Structure formats: C-alpha cells, structure tokens
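The values are calculated or read from the model by the stated rules, or taken from the named source; none is laboratory data. Just so it is clear, the structure is predicted and the values come from calculations on it, not from any experiment. Here Cβ is always computed from backbone atoms with ideal geometry, including for glycine, and neighbour counts include all displayed protein chains.
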Amino acid sequence: VPSPSNPEFEAECIRRILAGEKHLFHELIGPCERSIYFLLFSLLGNEADAEDAAQETVIKVYQNLQRFRGESQFKTWVLSIARNEGLGRLRKLNTRREDSLDAGIDEAGGDYTPAILTSWREVPLEALEREELGKMLQAAIASLPAIYRNVVLLRDIEEMDVRETAQALGITEGAVKVRLHRARALLQRELAPKLKGFAPKRKRVFGWGS
Amino acid sequence: MRIDCKHVWEHISAYIDGEVDAELRAHIDKHLETCEICSAVLDSTRNVVVLVADDRVFELPVGFSKRLHERIDEMLESDSA
C-alpha cells in the first residue's frame, strides 16, 4: 500500500497512467477513498447517495487526470472534485438547503458558549468499544450545520491541515478556523454532559494517604 | 493583560491546535491554573475532538472499497475498448 499523499509517488503514477498503465489508477486513488466518501456523506447525508457520488467522483478524477497540474496536493484536488459532485447533486435534488453552503454565515451571530463544567474526567478511547458511544458521536456530528460538519470532517477526522481543507472546500483559511472553532464548541456543548457517563469511575481515595 | 473566561473560550480551538502566539498562550495558561471551569471546558473539548477522530466512529460501509474498484475496472475496460 503506498503511503498517503506522497507527491512523488502520485506524480509518477499519473505519468504512467497517462502513458497507458491504466491499472495503476487503483493505487493512486486508494489513499483518497475514505476522505472522498466521508466528505460526500457529510454533504449528502446518507450512505447510498454518498457511495454513488464517490464512484462518480472517482470516474471524473480519472477522466480529468491530465488536468492535474500538481499545484495542490493530489488528494486536495480530488476532494474539490468530490465536493463539486456533491454540491451538484444537492442543487439537482433541491432538497432541504439546510444552510447555504457558501453564504456568509460566518458573520452571522450565534451562541457558541460551551457547556459549563467544573471538572472533567477524560473518556478514554477504549470507551469506543461501547457501540452507544460511537452512535452518540455520529449523531452529534450529523446534527451540525453542513458547513461546520464538512470542516470537522476534513480537519479532525481526516486530519487534513488548514490549507488543504480550505482548498478542498473552496473557502478561506480564516473561514476554516472560524468554522472549526464553532463546530468544536457545538460538539462540546452537545456531548460533554452526555459523555460524563463514559468516564471511568473515580477511584475511592479516602482512607489512603495523609 | 488579564483575560476572562469568555476570552479563553474564543481561543480554545486555536489553543488545541497550537495556533495561538506565545504571549496569548501564556495568558491562557495562567488563567487555566486558577479557573477550574475553563480547565474543564478545555479538557472536555480536547477529549471530544480526540474521540470523534477515532477510526471506529466513522467506518466505511461494508464492501465500499470492493465495489468502488470494480467500478473502476469497468471504466478502465470500456476506456481501452
């Protein structure tokens, strides 16, 4: 398996694919699959549409491969194609425009006050073995406005940097930071009170020491 | 400069990502030493970020990759036809 986002590997791969070694496209696209799917899932909101759009995206990537100039990372370029595919479908469906995906909502006010706590016991990753926790986290992400959900998905879940996220979503780096901040604040407010039950029980300390 | 809780909350995301400058970081750290509310807000936010990023939370649908590559094969075959 090639290492993800290795520009030399990608450039070599693209050159050889365009020269006729088409089967190499499988390896080129492999490291991008997950991000393509989840970006589309965050836009379209259901698995079937996200999968269909992901397949369509990959075909468009192949058909336009000679246009990739290496000005951005390959994955970033691929995700911008995925985003266009997703937005095109949303426009066609003209479904709930839950929020305009490119409007100036960043300037809009809103309450991003966190859930106020006086202590926090860390919920360890092992707690994810409990299915209900995963479901709770998924539901919290799903309930975010799409413009925030997209940013959390690429920055925190797919671990892309601010610049790549901005390029893939066609927004400024400043907007990425503002949206990420708001998304995290909304997630904290939604989840922190519920997550308390997943922290390990505090050890009883009386009777020890002093 | 003394900073209040609200000011700290505005910078929590940037603080977690290491994107606040040294001076602001020092002010926030000082505030955190004495404010248990902000410490808990910061810790819980960081905890939430780490949890949602875990691969177990968002998994690809079963068979997604297989179907995708089959579709690519179909496309490559028709492309060379």
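Taking B:V41, is it in contact (Cβ under 8 Å) with a residue 12 or more places away in the chain, crowded, with 18+ Cβ neighbours inside 10 Å and within 7 Å of chain A (Cβ to nearest Cβ)? Yes.
Out of all the residues in the stretch B:44-69, which are more than 8 Å from every other protein chain (Cβ to nearest Cβ) and more than 21 Å from A:S35 (Cα to Cα)? Working first, answer last.
The first filter runs over the stretch B:44-69 and keeps only residues more than 8 Å from every other protein chain (Cβ to nearest Cβ), leaving B:46, B:55, B:59, B:62-63, B:66.
Matches in the stretch B:44-69: B:R46 only.
When the stretch A:18-33 is examined, which residues are found to be closer than 18 Å to B:V62 by Cα and facing chain B (nearest Cβ under 10 Å)? Result: A:G30, A:E33. Go through the residues of the stretch A:136-155 one by one and say whether even a single one is of a type in the set (V, I, T), more than 12 Å from every other protein chain (Cβ to nearest Cβ) and more than 17 Å from B:A14 (Cβ to Cβ). There is at least one residue in the stretch A:136-155 that is of a type in the set (V, I, T), more than 12 Å from every other protein chain (Cβ to nearest Cβ) and more than 17 Å from B:A14 (Cβ to Cβ).
Given the residues A:I36, A:I59, which is the only one that is under 21 Å from B:D73 (Cα atoms), within 14 Å of chain B (Cβ to nearest Cβ) and out of contact with any Ser or Thr (no Cβ under 9 Å at 6 or more places or on another chain)?
Of A:I36, A:I59, the one residue that is under 21 Å from B:D73 (Cα atoms), within 14 Å of chain B (Cβ to nearest Cβ) and out of contact with any Ser or Thr (no Cβ under 9 Å at 6 or more places or on another chain) is A:I59.
In this structure, A:A19 qualifies as surrounded by fewer than 22 Cβ atoms within 10 Å (Cβ to Cβ), more than 22 Å from the chain's Cα centre (by Cα), small (G, A, S) and under 25 Å from B:S78 (Cβ atoms). Of the residues making up the stretch B:22-80, those that are under 21 Å from A:I29 (Cβ atoms) and part of a loop (DSSP other than H, G, I, E, B) are B:D55, B:F58, B:E59, B:L60, B:P61, B:V62, B:G63.
Annotation note: of B:I3, B:I28, B:I72, B:I12, the sole residue that is crowded, with 17+ Cβ neighbours inside 10 Å, more than 12 Å from every other protein chain (Cβ to nearest Cβ) and of a type in the set (A, V, I, L, M, F, W, C) is B:I28. Within the stretch B:52-68, one or more residues are at pLDDT below 95, of a type in the set (K, R), touching a helix residue (DSSP H, G or I) at 6+ places or on another chain (Cβ under 6 Å) and within 22 Å of A:E122 (Cα to Cα).
Kindly indicate which of B:I16, B:I12, B:I28 is closer than 11 Å to A:P114 by Cβ and in contact with a helix residue (DSSP H, G or I) (Cβ under 6 Å, 6 or more places away or on another chain). Spell out how you get there, then give the answer.
Values: B:I16 fails: closer than 11 Å to A:P114 by Cβ; B:I28 fails: closer than 11 Å to A:P114 by Cβ.
Testing whether each residue is closer than 11 Å to A:P114 by Cβ and in contact with a helix residue (DSSP H, G or I) (Cβ under 6 Å, 6 or more places away or on another chain) leaves just B:I12.
When A:N64 is tested against the conditions (1) in contact with a helix residue (DSSP H, G or I) (Cβ under 8 Å, 6 or more places away or on another chain); (2) closer than 30 Å to A:L144 by Cβ; (3) within 14 Å of another protein chain (Cβ to nearest Cβ); (4) at pLDDT 90 or above, the lone failure is (2).
Set side by side, the residues B:V48, B:V62 differ, and just one is of a type in the set (A, V, I, L, M), out of contact with any Phe, Trp or Tyr (no Cβ under 9 Å at 6 or more places or on another chain) and surrounded by fewer than 17 Cβ atoms within 10 Å (Cβ to Cβ), which is B:V62.
Here is a check on your reading of the model: is A:R91 among the basic types (K, R), in a helix (DSSP H, G or I), modelled with pLDDT under 90 and more than 22 Å from A:E8 (Cα to Cα)?
Working: among the basic types (K, R): yes; in a helix (DSSP H, G or I): yes; modelled with pLDDT under 90: yes; more than 22 Å from A:E8 (Cα to Cα): yes.
So A:R91 fits the description; yes.
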